[in-house]
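*Asks:* Pasting in a structure now, in structure tokens, and then I'll have a few things to ask.
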Amino acid sequence: MGIMDKIGGTVMQGLAGNLNEMTPEALLQQYGAYLMEGERIWIGFKLIRDVVIFTDKRIIEFDKQGATGQKMRVDSINLSSIIHVSAETAGFGVDDSEINVHYIASPYFKANTGVSVVEKKFEFPKKYNIQSLYRYLQEIAYKNHEAINS
């Protein structure tokens, strides 16, 4: 069984907004130039032509734009700014799974400096088990929460 069969990766899922898993090797080959020194890819996903990569330092989003996809916007969420993670598993029917990441978008993490919190939702195919990714992000959020409030 191939990786696409395992996670149910189809064009229809892409059109529905679901991310399909890619190997770290393929991601490194295509997007390695955007990694910071010593940064390692943990897992990554593709949606038609857009990509999201989870590394040991950040979440990187690649938003290909225009008819040819030559123009691309690259955006990052530093893992050190993640303060809350929630997950919703797939239900019966056409439901998908999702992980919501709440992170501090302002450059300062302390409350007396006007902290701005943003939420980002990632949707996954019904057959993809989000538990390990959720646990990875939740452990980071917990450590960040403890560090900010200590």
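The values are calculated or read from the model by the stated rules, or taken from the named source; none is laboratory data. The structure displayed is predicted, hence computed values, not measured ones. Cβ: placed from backbone, ideal geometry, glycine included. Neighbour counts: every protein chain shown.
*Asks:* Within the range 119-140, how many residues turn out to be surrounded by 14 or more Cβ atoms within 10 Å (Cβ to Cβ) and either modelled with pLDDT of 80 or more or of a type in the set (A, V, I, L, M) (or both)?
*Replies:* So the count comes out to 12.
*Asks:* Can you name every residue in the range 57-82 that is touching a strand residue (DSSP E or B) at 6+ places or on another chain (Cβ under 6 Å) and either among the small types (Gly, Ala, Ser) or within 19 Å of residue 140 (Cβ to Cβ) (or both)?
*Replies:* 58, 59, 60, 61, 75, 76, 77, 78, 79, 81, 82
*Asks:* Out of curiosity, is residue 63 within 12 Å of the chain's Cα centre (by Cα), in contact (Cβ under 8 Å) with a residue 12 or more places away in the chain and farther than 28 Å from residue 145 by Cα?
*Replies:* no
*Asks:* Related question: Would you be able to say whether some residue in the range 100-107 is surrounded by 19 or more Cβ atoms within 10 Å (Cβ to Cβ), within 22 Å of residue 28 (Cα to Cα) and in contact with a Lys or Arg (Cβ under 8 Å, 6 or more places away or on another chain)?
*Replies:* Checked against the condition, which is being surrounded by 19 or more Cβ atoms within 10 Å (Cβ to Cβ), within 22 Å of residue 28 (Cα to Cα) and in contact with a Lys or Arg (Cβ under 8 Å, 6 or more places away or on another chain), the range 100-107 yields no hits at all.
*Asks:* Let me ask something else. From the list 121, 126, exactly one residue is assigned to a strand (DSSP E or B) and touching an Asp or Glu at 6+ places or on another chain (Cβ under 7 Å). Which is it?
*Replies:* 121
*Asks:* Looking only at the range 110-118, decide whether some residue is at pLDDT below 95 and either closer than 21 Å to residue 45 by Cβ or touching an Asp or Glu at 6+ places or on another chain (Cβ under 8 Å) (or both).
*Replies:* yes
*Asks:* From the list 58, 49, 40, pick out the single residue that is surrounded by fewer than 15 Cβ atoms within 10 Å (Cβ to Cβ) and touching a Ser or Thr at 6+ places or on another chain (Cβ under 7 Å).
*Replies:* 40
*Asks:* Output the number of the condition that residue 65 fails; it satisfies all remaining conditions of (1) surrounded by 14 or more Cβ atoms within 10 Å (Cβ to Cβ); (2) more than 17 Å from residue 121 (Cα to Cα).
*Replies:* That leaves (1) as the condition not met.
*Asks:* Same structure, new question: Select from the range 90-99 the residues that are more than 18 Å from residue 60 (Cβ to Cβ) and surrounded by 15 or more Cβ atoms within 10 Å (Cβ to Cβ) and write down the one among them that is modelled with the highest pLDDT.
*Replies:* My answer is 98.
*Asks:* Kindly provide the set of residues from the range 23-79 that are assigned to a loop (DSSP other than H, G, I, E, B) and among the β-branched types (Val, Ile, Thr), ordered by number.
*Replies:* Answer for the range 23-79, where residues must be assigned to a loop (DSSP other than H, G, I, E, B) and among the β-branched types (Val, Ile, Thr): 23, 48, 68.
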